[in-house]
Amino acid sequence: MTKDQAYQFLKDINIAVLATSSENKPLASTMYYVVDNELNIYFITKDSTTKYTQINTNPNVSVVVTNREL
């Protein structure tokens, strides 16, 4: 997949699953996102959410985006 194809894929789909973890407590959150031309993914969350706290504690995250309907 080229960078342009990856950008188009991410642009066409605006829902992802963000996986975070802190103190061996994982969390997977469905979220809306936007992507820029450099393939950076942006999302908004309140600072009172678990995912916000976990990202600040452990910035290592995973993001899953799929176009497959289950």
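Values quoted throughout were computed directly from the atomic coordinates according to the rules given, and no laboratory measurement underlies them. Computed from a predicted structure; not experimentally measured. We place every Cβ from the backbone using ideal geometry, glycine too, and count neighbours over all the protein chains shown.
Below is a table of values for the structure above.
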quantity: Residue-count net charge about Tyr42 - beta-carbon cut-off 13 Å; Lys, Arg +1, Asp, Glu -1; calculated: -1
quantity: Nearest 10 degrees, 0 to 90: helix 3-12 Cα axis against the chain principal axis; calculated: 70
quantity: Rule-of-thumb Rg ratio for the chain [Cα; 2.2 N^0.38 Å; N residues]; calculated: 1.18
quantity: Within straight-line cross-link reach of Lys3, lysines at Cα separation under 24 Å, skipping those fewer than 8 residues along the same chain; calculated: Lys11
quantity: Relative contact order computed over the chain (Cα-Cα under 8 Å; 6+ residues apart), in percent; calculated: 37
